[in-house]
Amino acid sequence: MSAWLRLFRVQNLVTVPGDALVGAAACGGLVAARAENVACICLASVFMYLYGLVDNDLVGAATDPKERPLASGEISLRAARTARTVCLCLAVLALYLGHGPFLVLVALTVAIQLY
């Protein structure tokens, strides 16, 4: 369990919804949107953050320091790929429930893959 908490860098998760909230406020959508829609979009951003973290560690598994959960073998590459897919699916579901912009999700996914 500790390896998964380190992989997902749980201590940073509280900072993630702030980006979505600031973005919604900047375009005036925060005032017009329903609270549950904003919450779902924030949740989608958390899942995309997790998706990006796992993807980054998958790419660097062979070269990362051995303290990292994938590099040390504490978490298998297969389990990490499954977790990454689950995070993406949960982000899509949260965005769907929150009536969020799917084009942004697609663009973010492409950006994560290119990074």
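The values are calculated or read from the model by the stated rules, or taken from the named source; none is laboratory data. In this text the structure is predicted, and so the values were computed from the model without any measurement. Cβ coordinates were reconstructed from backbone atoms using ideal geometry, including for glycine residues, and neighbour counts include every protein chain displayed. Heads up: the accessible areas ignore ligands, DNA and RNA and are worked out on the full protein's heavy atoms, side chains in. Shrake-Rupley method; radii C 1.70, N 1.55, O 1.52, S 1.80 Å.
Figures for the structure shown
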{"read-out": "Matching residues, the range 97-106, being under 15 Å from the mean Cα position of the chain (by Cα) and either open to solvent by 60 Å² or more (accessible area, probe 1.4 Å) or of a type in the set (D, E, K, R) (or both)", "value": "Phe102, Val104, Val106"}
{"read-out": "Within the range 30-61, tally of residues that are modelled with pLDDT of 90 or more and aliphatic (A, V, I, L, M)", "value": "10"}
{"read-out": "Residue match in the range 46-53 (condition: closer than 20 Å to Leu97 by Cβ and out of contact with any helix residue (DSSP H, G or I) (no Cβ under 8 Å at 6 or more places or on another chain))", "value": "no"}
{"read-out": "Test: residue in the range 86-95 that is of a type outside the set (Ser, Thr, Tyr), farther than 28 Å from Ser2 by Cα and at pLDDT 85 or above", "value": "yes"}
{"read-out": "Identity of the residue in the range 31-81, within 18 Å of the chain's Cα centre (by Cα) and polar (S, T, N, Q), that ends up nearest to Ala111 (Cα to Cα)", "value": "Asn56"}
{"read-out": "Only one of Leu58, Leu50, Leu77 that is out of contact with any Lys or Arg (no Cβ under 9 Å at 6 or more places or on another chain) and hydrophobic (A, V, I, L, M, F, W, C)", "value": "Leu77"}
{"read-out": "Test: residue in the range 7-14 that is among the basic types (Lys, Arg) and at pLDDT below 90", "value": "no"}
